[in-house]
1. Has segment 43-50 got any residue that is surrounded by 15 or more Cβ atoms within 10 Å (Cβ to Cβ) and acidic (Asp, Glu)?
2. Return yes when Ser107 is modelled with pLDDT of 95 or more and closer than 23 Å to Ala35 by Cα and no when it is not.
3. Condition (residue is touching a residue at least 40 places away in the same chain (Cβ under 8 Å), farther than 16 Å from Asp2 by Cα, within 13 Å of the chain's Cα centre (by Cα) and in a helix (DSSP H, G or I)) applied to segment 95-106: is it met by at least one residue?
4. Can you tell me which residues in segment 1-56 are of a type in the set (A, V, I, L, M, F, W, C), under 10 Å from the mean Cα position of the chain (by Cα) and part of a strand (DSSP E or B)?
5. Are any residues in segment 62-110 buried (at least 19 other Cβ atoms within 10 Å of the Cβ) and more than 22 Å from Ser17 (Cβ to Cβ), and if so, which ones?
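The values are calculated or read from the model by the stated rules, or taken from the named source; none is laboratory data. Bear in mind that the values here come from a model prediction, so they are computed numbers and not experimental data. Virtual Cβ from ideal backbone geometry, glycine too; neighbours counted across all protein chains shown.
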Amino acid sequence: MDIVSTGRGRMAVLSASGRLNMVAAPQLKKAVDEAVAGGHPRIVVDLSAVDFIDSSGLGALIGGLKSARQASGDLRISGAGEQVRTVLGLTNLDRILKPYADIEEASHGW
């Protein structure tokens, strides 16, 4: 998995690609924590290039959400593909991590 971080004011966009599984989850969590520590508590995780997510990936997203909210920010996801949306729906995490169509929509209101 590759993660590219782009800062935009108090917001950071983390663009992930590949598989978000138990191997890649710690990398995503670290990237979120670094973004928050770097003064970007509002985070959009772009999942448009992620073709698979498992429970470890979900855990990294939830852990990142917690880190962002503790810093008075938030974490939102964008561009989730069919497999990612299905997993979010099956676990009811789509209620907590509402998938947005794209980065622009996810960052609206910030």
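1. Just the residues of segment 43-50 that are surrounded by 15 or more Cβ atoms within 10 Å (Cβ to Cβ), to begin with: 43-48, 50.
Among the residues that remain, those that are also acidic (Asp, Glu) are: 46.
Yes: segment 43-50 contains one or more residues that are surrounded by 15 or more Cβ atoms within 10 Å (Cβ to Cβ) and acidic (Asp, Glu).
2. no
3. Yes: one or more hits.
4. Scanning segment 1-56 gives Val13, Leu14, Ala16, Ile43, Val44, Val45, Leu47.
5. Gly73
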